[in-house]
Amino acid sequence: MKYSEIRKEIDKNYKHDTNFCTVVASSVAFDLPFNLVHEFYSEHGRKLRTGLMPDKTDEMILKLAEITGYKVSCFSPDRKHKYLTGFSRWVDDKGEILTQLRHNLTPNNAETYLPLGNYILGVRRHVLGVENGIVQDWTQGKKHKINRVWKIEI
């Protein structure tokens, strides 16, 4: 789902709720209607007007993937590799490399450095959705440092 469509839905039906960036990002990355994703998160412990802590975000994304039949891979920066080579390399727990670049990954450059696909990107105190390689969030074009990447695949 596109961020602009989700914003219209929020303005129309969800004015009473805030701090639901994980719900918005999941709706974008999993290409599911916002109302269904909102309901899923509510049923699994998200309280109104309350964001999710990083460990709970991981848990919820994995649960949503399991229920919808998607595969999720989580990537983080390999700091040791950057120290040794000067390149920031993003790897999962099996050592699979997602991307490699000389500087920080940000919403501004994610479209350039991430392979085409759907992602949820974590920055400090916020997550955002990427649909078909395009950032769908208010942070598009911003230079927030990404610290976590969840790749969403069918």
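The values are calculated or read from the model by the stated rules, or taken from the named source; none is laboratory data. Small disclaimer: the values here were computed from a predicted structure and weren't measured. With ideal geometry, Cβ positions are generated from the backbone for all residues, glycine too; neighbour counts draw on all protein chains shown. Remember, those area values only see protein heavy atoms, side chains included, never the ligands or the DNA or RNA. Shrake-Rupley method; radii C 1.70, N 1.55, O 1.52, S 1.80 Å.
Here are the numbers:
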{"item": "Within region 27-95, helices (runs of 4 or more DSSP H) holding 2 or more residues that are open to solvent by 30 Å² or more (accessible area, probe 1.4 Å) and modelled with pLDDT under 95", "result": "54-68, 79-85"}
{"item": "Residue pairs meeting the criteria (Cβ under 8 Å; at least 6 apart or on separate chains; first basic (Lys, Arg), in region 78-104; second outside any strand (DSSP E or B))", "result": "Arg89/His81; Arg89/Lys82; Arg102/Gly86; Arg102/Phe87"}
{"item": "Residues of region 108-150 classified as closer than 26 Å to Lys80 by Cβ, assigned to a strand (DSSP E or B) and open to solvent by 40 Å² or more (accessible area, probe 1.4 Å), total", "result": "2"}
{"item": "Test for Leu105: is it part of a helix (DSSP H, G or I) and within 22 Å of Ile134 (Cα to Cα)", "result": "no"}
{"item": "Every pair of residues 6+ apart whose Cβ atoms lie under 7 Å, when the first sits in region 122-145 and is over 21 Å from Met60 (Cβ atoms) while the second is modelled with pLDDT under 95", "result": "Lys145/Asn104"}
{"item": "In region 6-22, residue least open to solvent (accessible area, probe 1.4 Å) [restricted to those that are over 17 Å from His126 (Cα atoms) and free of Cβ contacts under 8 Å to residues at least 12 places away in the same chain]", "result": "Asp11"}
